[in-house]
Each structure stands twice: as structure tokens, then as C-alpha cells.
1. Collect the residues in the range 126-138 that are more than 16 Å from Glu201 (Cα to Cα) and either surrounded by 15 or more Cβ atoms within 10 Å (Cβ to Cβ) or among the charged types (D, E, K, R) (or both), keeping them in residue-number order.
2. Of everything in the range 322-340, what is surrounded by fewer than 16 Cβ atoms within 10 Å (Cβ to Cβ) and in contact with a Leu (Cβ under 8 Å, 6 or more places away or on another chain)? Give them in sequence order.
3. Against the definition (under 19 Å from the mean Cα position of the chain (by Cα) and of a type in the set (Ser, Thr, Tyr)), how does Ser149 come out, yes or no?
4. State whether the residues of the range 362-385 include one that is among the polar types (S, T, N, Q) and at pLDDT 90 or above.
5. Might you check whether a residue that is part of a helix (DSSP H, G or I) and either over 30 Å from Asn256 (Cβ atoms) or more than 12 Å from the ligand (Cβ to nearest atom) (or both) occurs anywhere in the range 193-211?
6. Do the conditions hold for Thr298, that is, is it within 24 Å of the chain's Cα centre (by Cα), at negative phi and either crowded, with 16+ Cβ neighbours inside 10 Å or not small (Gly, Ala, Ser) (or both)?
7. Yes or no: the range 188-202 includes at least one residue that is within 26 Å of Asp430 (Cβ to Cβ) and touching a residue at least 12 places away in the same chain (Cβ under 8 Å).
8. Give the residues of the range 133-157 that are within 16 Å of the ligand (Cβ to nearest atom) and assigned to a strand (DSSP E or B), sorted by residue number.
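The values are calculated or read from the model by the stated rules, or taken from the named source; none is laboratory data. None of these values were measured; they are calculated from a predicted model. For neighbour counting, all protein chains shown are included, and Cβ atoms are generated from backbone atoms with ideal geometry for every residue, glycine included.
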Amino acid sequence: MTDTARRTSEDVVVEVTAWLDENWDPELTVGEWWERLGTSGWAVPTWPEESFGKGLSREDGNRVARAIADHGALGPPGGLGLLLAGPTIYTHGTDEQKQRYLPDIVTGKKAWCQLFSEPGAGSDLAGLQTRAVKDGDEWVVNGQKVWTSGGQAADLGMLLARTDPDVPKHSGISYFAFEMLQDGVEVRPLREMTGRALFNEVFVTDARVADDACIGGVNNGWAVANTTLAFERAGLGAGGGNAAGGAAVPGTVAGNLTKRAGDFVTRRDRSGAPGMFANAERLLTELAKGNGKLADPTVRQDLAQLHTLNEIARMTNLRQKALKATGADIPGVGNIAKLSMSRILRLSRDLGLRILGPVGTLHAYTPDDREALDKATGNPFAGIVTEMALFSPGPSIYGGTDEIQHNIIGERVLGLPKEPNNDKTTPFRDLPKNG
Ligand SMILES: Cc1cc2nc3c(=O)[nH]c(=O)nc-3n(C[C@H](O)[C@H](O)[C@H](O)COP(=O)(O)OP(=O)(O)OC[C@H]3O[C@@H](n4cnc5c(N)ncnc54)[C@H](O)[C@@H]3O)c2cc1C
């Protein structure tokens, strides 16, 4: 890194810290705080300046997130609005759509979910069967989605629907900003083995979406969806540092916007499964030191392996950043980062359960039980390790399974031949359908 680059990064931290000194107040409501943070550009510092961001690099964005956390302030609104919908809209939306949707995303006023997967269309996403049929300047939508994370608290959904079944399957899909809080949308939570209900089934019956809520043009949804998926893989992959965010859920449904912002800062540590992976290496090392398992050479070896994998991921990310600055790229780096994250999580799970021993078999399913368990074990981190273990299959499925990442690397990076199919030539209507 050059001196100039280092000074620039330091300047960023100085600037955001000065802004926090002036603006952070734990007595504000969550909504008031996010209004300040979102309109200042510090909620999404890596987004373009013309789209409510500051145009910073991902590394500087991580510095900003750390500065916010170090200051003891509540992070920006979490969830799929910031992670996926916003970047997709600033990439493909019209200026009017950017003005309509982005301010409510960066200030957490509206929460988003991702209405992609269906019972018969997960890995084969382009086989989706939810239909949108034009009716004047609106579309009428019918179908079923599944695995919809955060659907129960969402104001809007990134909806993929089939708008033309008479063309090959990738060519007849459109991408809509879809109002969730309307008649004809039924959200049913699905409980997972962690005890939480992170995702849902969503049944859509004669619901409506305006034509001007179509992002990126009618029948161009596959390209738009791929942008969302690229941001998803980049956000989920290893090596990117810790995502900023707090425990407060954005949007009108969760009811957090009117609560005191300061109350959410202290609750960050137990905010749910995905966030807990970020510091697994440090957490597991401390646990092993605390209960004597560090004396076990195989535990030490696996901790070293975990550290090595994290470092490789971090350096790959830095290498990609340096290459990008020169206009080059590491082909398939997002897919590799996601695979690497899956491997790190599986190792963290196995190692964590070995370090904990029999205590690792105890799990609490409700907040009250969690408190009781923490008291019984005398170790508030034991429950985190068990929950991490129970959630660990998730990341190698969502955002495209490990097998699909391997296929993409094989076909698009290594140039291996695709499996033969007639997807590109046969109208969707005539293709055999998944169940
Ligand atoms: C925690 C979690 C949160 C999620 N959140 C969302 C969300 O918010 N919104 C959303 O739309 N979706 C979400 N998903 C869904 C996720 O994207 C899908 O589960 C995923 O794409 C796999 O689809 P599927 O479950 O239908 O499995 P399938 O596609 O049926 O796959 C079953 C198995 O077959 C393998 N397989 C399938 N096709 C191939 C192939 N061509 N080559 C090799 N192997 C193959 C898969 O790897 C997998 O092991 C979430 C999933 C999880 C686990």
C-alpha cells in the first residue's frame, strides 16, 4: 500500500469518527439515527456517491464499519435491502427508481426480501414458474416462493417472475420491486433446526405490481438477477472482513424504528446465526484456552488451519482489489470466496464442537431458554458455538450451493463443456418442469 493510499484510508477513519462524535446519540430512535446515518453516506460508504454512498473501496468500507462499532454506535440497517436490493437497483434501475427505492433502503425505513427460489426452482433458478401477466400498467402475479429469508418482516421483495413463457427460459423472466404488504401475499414462516424461523414460504395469489417497478426492463430479469447473485456471493464469501450492521431489523413491520437506538448496540453479540461466524477463529481460540483444550495438538492444528484459511481468503480479497484497480480480475473469485467460506464454516463447526465436548450437545430454542442455558453452563459462548454448528449447513446452500459454484467455475472459468441441454433454444412452455 502506498503512503498516499494509507493517508487516504486514515483520513476516512478520521472523517467518520468526527461525524460520529457530532451525530451519534444513543437516545435517538433507531429510525432517527438511521436517517442521519443513511443521508450522510456513511451507511453505505462503498456505494457510488450519486446513489447515497461515498464511493469507497471495500477495504475502506470495512474500516468505516469498524469505526462505527468502535465508537459504540448502532451500525447501518442490516438485511437484504442494503446487501442486495440497493446494489441491484443502483446498477440497473432508472434514475427515478433509484430516487424512489434507495433512500428508504439506506435509512432502513423499508426492509426487503429476495423472492427468487421456488419449490421447483432453486439451483435451476431460471426454471421458475411464478407468472406475471400484464394488465394495463400493472402486472398480476401468481405463484409460490420458498426459503424467503426475512419475508415475515419485509416491506418489499426482489421478485423474479416469468413474463413470457414462449421464449427460452432465461429470456422470459422479469425482476420487480414487489410490495409485500398487499392482499394476495401470504407469508408462512418455516422453523429450522436452530429453533429460529429465518425463512418463509410465500404464496402469491392475484397480487399486483406496477409496470414502473420492473427493474432493468421487461424480460431482462435474468441479467438483473445475476447482479443480485454476484453481490450476494461477494457479501457472503470469505475474506471480505466483517459486514457492518446491528441487531435492529429495518422496515415498518419489525417495529424497531421507534425504539431507542442505544438499546440495540449492546445486543449485537447474539444477533443470530449468520453474524456469529465472523469472529469464530478468535472465539474458538479463547474457548480452547479457557477449558484446557489448547493442550490437544489436533485442536491446535485445526485452529492453525482455520487461521490459514482465513488468511488465504483475506489475501485473495486484497489481491483481487489490487488487480481490479488495474482493470484486471481473478476469474471466478466470488465463487471461490463463497466455497472458501463454506469450508471455513464446516471447520469452525467441527472444531467448536470438539472444543466444547458434551456441553456442545445442549441447545436452547427460545431467548428465555438461551438465558437459562448460559447460566447453567456458565459460558455464554457455548450456546453460540452450538447454534453455529446447527446453522452451518445453510451457507453452503444459499446464494447457490457448493455444487453450483463448482459448476460455474468449471464452465465459466476453466472452460469445461456444459452439460448438454436445449435451454437456450426451446420455449420455456415446452421444457420439462421440475416438480
Ligand atoms: C438459510 C437459507 C436462506 C435462504 N434464503 C433465500 C432467500 O432469501 N431467497 C431465496 O430466493 N432463496 C433463498 N434460499 C434458497 C437457496 O438459494 C436454495 O436453497 C438453493 O439455491 C438451492 O436450491 P434448492 O434448495 O431448490 O435445492 P436443489 O436445487 O433442488 O438442489 C438439491 C441438491 O442437488 C444439487 N444440484 C442441483 N443441481 C445441480 C447441478 N446442476 N449440478 C450438481 N449438483 C446439483 C444441489 O447442489 C443440492 O445439493 C435460502 C437457502 C438457505 C439454506
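1. Of the range 126-138, the ones more than 16 Å from Glu201 (Cα to Cα) are 126-127, 131-138.
Of everything in the range 126-138, those that are more than 16 Å from Glu201 (Cα to Cα) and either surrounded by 15 or more Cβ atoms within 10 Å (Cβ to Cβ) or among the charged types (D, E, K, R) (or both) turn out to be Ala126, Gly127, Arg131, Ala132, Lys134, Asp135, Asp137, Glu138.
2. In the first step, residues of the range 322-340 are kept if they are surrounded by fewer than 16 Cβ atoms within 10 Å (Cβ to Cβ); the result is 322-331.
Asp329, Ile330, listed by residue number.
3. Values: under 19 Å from the mean Cα position of the chain (by Cα): yes; of a type in the set (Ser, Thr, Tyr): yes.
Taking the combined requirement at face value, the residue satisfies it.
4. Within the range 362-385, the first condition is being among the polar types (S, T, N, Q), and the residues that meet it are 366, 377, 379.
Next cut, at pLDDT 90 or above only: none.
Within the range 362-385 (the criterion being among the polar types (S, T, N, Q) and at pLDDT 90 or above), the answer is no, since none of the residues qualifies.
5. Narrowing the range 193-211 to residues part of a helix (DSSP H, G or I): 211.
Next, from what is left, pick out any that are either over 30 Å from Asn256 (Cβ atoms) or more than 12 Å from the ligand (Cβ to nearest atom) (or both): 211.
Within the range 193-211, one or more residues are part of a helix (DSSP H, G or I) and either over 30 Å from Asn256 (Cβ atoms) or more than 12 Å from the ligand (Cβ to nearest atom) (or both).
6. Numbers: within 24 Å of the chain's Cα centre (by Cα): no; at negative phi: yes; either crowded, with 16+ Cβ neighbours inside 10 Å or not small (Gly, Ala, Ser) (or both): yes.
No.
7. Restricting attention to the range 188-202, the residues satisfying the condition of being within 26 Å of Asp430 (Cβ to Cβ) are none.
No, the range 188-202 contains no residue that is within 26 Å of Asp430 (Cβ to Cβ) and touching a residue at least 12 places away in the same chain (Cβ under 8 Å).
8. Let us first name the residues in the range 133-157 that are within 16 Å of the ligand (Cβ to nearest atom), namely 141, 143-157.
Selection gives Val141, Gly143, Gln144, Lys145, Val146, Leu156, Gly157.
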